[in-house]
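Trainee: Please see the structure below; I have some questions.
Rule-based calculations on the coordinates, nothing more; no lab input. Just so it is clear, the structure is predicted and the values come from calculations on it, not from any experiment. Cβ atoms come from the backbone with ideal geometry, glycine included; neighbour counts cover every protein chain shown.
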Amino acid sequence: MQSRPLLRHVLNEEAITRGLGDCEARVLVEWLVEWAELLADEAESDEEAWGSLRQLCRRARGIGRFVALWSQFDCQGAAIQLAAAEKFQWPLPIPAEDPTDLMERILVWEDRLLTV
């Protein structure tokens, strides 16, 4: 499958980065772009690639919201509730963790959990 339609979808979905600072948004979008390219190469069908990308985008929106709640809105209780509802498997951050470092650390965990 061509990666361009998948990449366009990632880049046009503003909800993925809503509430994030520029650095955290960049890290999250770059992560999604890498996965979109991988899905385009490895998926057995267009439908499989699109289905996987939609799931990743939903997960990315949740991760972005978690980082925003934890770091920028100082709503750590709400962030913990979101993590439980989304069944995030990574450890909770320390209260004063840098948002970009937090995003990078979460995405490393996500990479360990995801398979194509």
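Trainee: Ranked highest first by average number of other Cβ atoms within 10 Å, how do 31-42, 64-75, 83-94 line up? Walk me through the intermediate numbers first.
Mentor: Working: 31-42: 17.7, 64-75: 19.3, 83-94: 13.1.
Ranked by mean Cβ neighbours within 10 Å, highest first: 64-75, 31-42, 83-94.
Trainee: Turning to a different aspect of this structure: Cα-based Rg of the chain per 2.2 N^0.38 Å, rounded to two decimals?
Mentor: Working: Rg = 14.1 Å, N = 116, 2.2 N^0.38 = 13.4 Å.
Cα-based Rg divided by the globular estimate yields 1.05.
Trainee: Something else: Hey, rough spin-label estimate for Asp22 and Arg4, points 7 angstrom out along Cα→Cβ, what's it come to in nanometres?
Mentor: According to this spin-label approximation, the distance is 2.9 nm.
Trainee: Quick check on the chain: helices-only [θ] at 222 nm, where DSSP H runs of length 4 and up contribute -39,500 (n - 2.57) each and the sum goes over total residues. Nearest 500, please.
Mentor: Numbers: 5 runs with 78 residues, N = 116.
Helices in the chain give a 222 nm mean residue ellipticity of -22000 deg cm²/dmol.
Trainee: How would you order 20-30, 44-54 from highest to lowest mean count of nearby Cβ atoms within 10 Å? Could the numbers behind the result be given before it?
Mentor: Working: 20-30: 17.8, 44-54: 14.4.
Output ranking for 20-30, 44-54: 20-30, 44-54.
Trainee: By how many nm would the segment from Glu13 to Gln72 lengthen if fully extended, with 0.36 nm per residue of separation less the alpha-carbon distance? Each step should come with its number before you reach the end.
Mentor: Working: separation 59, 0.36 × 59 = 21.24 nm, distance 2.10 nm.
In short, 19.1 nm is gained.
Trainee: Label-point separation (nm) for Leu114 and Asp46, each offset 7 Å from Cα along Cα-to-Cβ?
Mentor: Between Leu114 and Asp46, the label points sit 2.2 nm apart.
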